[in-house]
Amino acid sequence: MTTKTQKKVPVTVARGDGIGPEIMDATMRILEAAGARIEPEYVTLGEEAFKQGIMNGVTDEAWESIRRTGILFKSPLTTPQGGGYKSVNVTMRKTFGMFANVRPVRTFEPYVYSKHKGVDMVIVRENEEDLYAGIEYRQTLNTCHSVKFMSRTGSEMIIRYAFEYARVNGRKKITCLVKDNIMKISDGLFHKTFDLVGKEYPEIEQEALIVDIGMARVADTPENFDVVVTLNLYGDIVSDIASQISGSVGVAGSMNIGRGCAMFEAVHGSAPDIAGQGIANPSGLLNGAILMLEHLGQGDVASNIGNAWLAAIEGGCHTGDIAEDKKKALSTSEFADKVIAHLGKKPKGLQAFKVTDDQPLKMPAPEKTTKTQRDKKIIGVDVFIDWDGTDPQELGGRVEKTQTGHLGLLAISSRGLKMYPGKAETKAVTDHWRCRFKSKSGKEISQRDIRDLLASFDLLNLKWTKLESLCTFDGEAGYSMMQGE
Ligand code: NAI
């Protein structure tokens with residue numbers, strides 16, 4: 001049992017960009033009226049900080065406050081598309097090791113229209129790795145790369161968290177979404193880790209789905225899902241699908257749990273298309289606040305607010321995004337007034353929020369990790385080169401002239417497809433080529449072998465742009481085959 005904290009807890013609050021200030025002000029009014037025992041410290045994050053010339057979008061005061069309070073409650077922040085500043089959200093999640101992003105989604109029929117009934121699912125999204133590592137390069141005039149960074153420890157932490165979350169919250173089933181039929185190594189690692197960790201939780205039903213059919217089923221029959229655990233990018237997409245089909249993307253809240261800090265927010269973004277109009281739904285942020293209050297051990301206030309919100313929704317108090325009769329839609333601030341007016345009431349039709357005395361959401365990062373493979377050997381190297389010719393035979397002839405020592409040229413590929421040796425069925429359309437060299441004896445090669453090979457590329461005026469070692473782990477290949485290899 002948790003002893004209810006009566007002392008006010010300092011919380012760092014950022015009003016955010018776009019609709020952020022409108023929904024934050026409405027939410028803070030509700031928290032104050034409900035007697036949330038928090039001491040807000042307002043800081044600047046995002047666009048305002050960028051305008052002050054702060055490249056990472058986080059002011060010194062904000063860093064100091066977040067480090068001290070360990071709790072950040074934030075409105076959405078705008079991130080420019082296709083260029084410009086990096087996402088402050090991602091910076092926060094990574095800097096403070098917030099490895100788990102938890103997004104509960106449910107439906108509110110018949111009060112909020114949804115094609116689906118009885119949806120009550122929780123998406124547990126990996127938050128620090130995958131393509132969100134933000135490691136990108138343009139290496140040639142024609143091509144660019146994004147690194148999909150995955151680690152065994154990162155995968156295990158999120159998967160253990162998801163199983164623990166399911167166990168503590170009495171959830172019955174976990175679905176893992178991966179694309180390991182194509183990304184056999186990176187997504188394969190996630191899937192294998194899911195199977196491994198899953199053995200420790202035989203009481204929880206487990207399934208792994210390929211992400212494309214998995215998302216299609218979330219969109220079609222969301223009521224069949226309970227807890228979903230997945231990689232960062234898939235988790236981002238599936239949580240927007242789930243919250244949109246529940247009625248509006250403006251309703252779902254989200255918490256980011258980690259080692260040094262916890263962050264609470266709405267699932268949606270800064271909605272620049274409706275910013276400044278006072279019509280945004282503050283419910284997503286309010287649901288983020290409810291998760292925060294539970295996390296802080298203030299389940300009493302959390303359930304009071306949650307129940308007032310449900311009662312208001314049941315009573316037909318709707319913002320424009322969920323109102324069936326748009327003429328009767330409430331403004332952001334009118335909706336907040338209605339929630340305040342319903343404080344102390346409980347919903348009659350919808351399932352009420354429960355006080356969570358044992359703080360089931362506040363779980364530490366799992367410390368345990370399972371090391372399964374021990375022996376690593378380097379048995380070859382892929383050398384990527386920038387070459388604007390089109391004939392693989394011509395390139396093959398040049399690369400064959402490199403002095404390879406213990407290494408032998410195995411094949412050359414373009415965009416993952418083998419083009420040399422042998423006759424390629426299709427034409428190369430880029431200036432980016434991969435030359436795969438392997439140990440002639442099958443034994444481990446040395447760093448010196450690789451240095452000698454690169455020197456030979458330089459002498460032949462072949463412009464190499466990047467290297468990847470080909471490794472085995474307990475004899476198992478740690479690299480993908482070329483298509484057609
Ligand atoms: P968005 O979620 O801001 O908007 C998508 C659509 O949903 C828009 O039509 C918008 O009007 C509507 N919408 C969103 N929230 C609403 C609410 N509370 N009430 C009523 N309607 C709402 O997504 P979009 O347009 O892709 O992104 C806009 C910006 O937000 C981008 O800069 C993006 O990077 C950022 N973003 C920030 C997030 C965060 O701070 N955690 C999360 C997602 C996006």
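The values are calculated or read from the model by the stated rules, or taken from the named source; none is laboratory data. Computed from a prediction, not measured in an experiment: that's the story for all the values here. Counting neighbours? That spans all protein chains shown, and the Cβs are built from the backbone with ideal geometry, glycine included. Heavy atoms of the whole protein, side chains included, go into the accessibility calculation; ligands, DNA and RNA do not. Shrake-Rupley method; radii C 1.70, N 1.55, O 1.52, S 1.80 Å.
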Which numbered condition Phe353 fails, given (1) within 11 Å of the ligand (Cβ to nearest atom); (2) among the aromatic types (Phe, Trp, Tyr); (3) at pLDDT below 95: (1)
Scope segment 52-98; condition part of a loop (DSSP other than H, G, I, E, B), closer than 28 Å to Leu296 by Cα and within 13 Å of the ligand (Cβ to nearest atom); matching residues: Gly57, Ser75, Pro76, Leu77, Thr78, Ser87, Met98
Subset tally (residues that are open to solvent by less than 60 Å² (accessible area, probe 1.4 Å) and within 24 Å of Ile290 (Cβ to Cβ)) for segment 68-89: 11
Residue satisfying condition, being within 16 Å of the ligand (Cβ to nearest atom), on the phi > 0 side of the Ramachandran plot and in a loop (DSSP other than H, G, I, E, B), within set Gly16, Gly35: Gly16
Verdict on Asn169 being outside the structural domain of Gly83 (by TED's automatic domain parsing), farther than 26 Å from Gln483 by Cα and of a type outside the set (Val, Ile, Thr): yes
Cβ pairs under 6 Å, 6+ apart, first in segment 166-193 and touching a residue at least 40 places away in the same chain (Cβ under 8 Å), second part of a helix (DSSP H, G or I) and open to solvent by 40 Å² or more (accessible area, probe 1.4 Å): Val178/His191
Single unsatisfied condition, Ser480 versus (1) open to solvent by 50 Å² or more (accessible area, probe 1.4 Å); (2) of a type in the set (S, T, N, Q); (3) in a strand (DSSP E or B): (3)
The lone exception for Thr107 - which of (1) away from the ligand (no atom under 11 Å from the Cβ); (2) open to solvent by 20 Å² or more (accessible area, probe 1.4 Å); (3) not hydrophobic (A, V, I, L, M, F, W, C) it fails: (2)
Test for Ser283: is it away from the ligand (no atom under 16 Å from the Cβ) and polar (S, T, N, Q): no
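Tell me, which strands (runs of 3 or more DSSP E) lie completely within segment 156-273 with 2 or more residues that are surrounded by 23 or more Cβ atoms within 10 Å (Cβ to Cβ), more than 16 Å from the ligand (Cβ to nearest atom) and modelled with pLDDT of 95 or more?
173-178, 227-230
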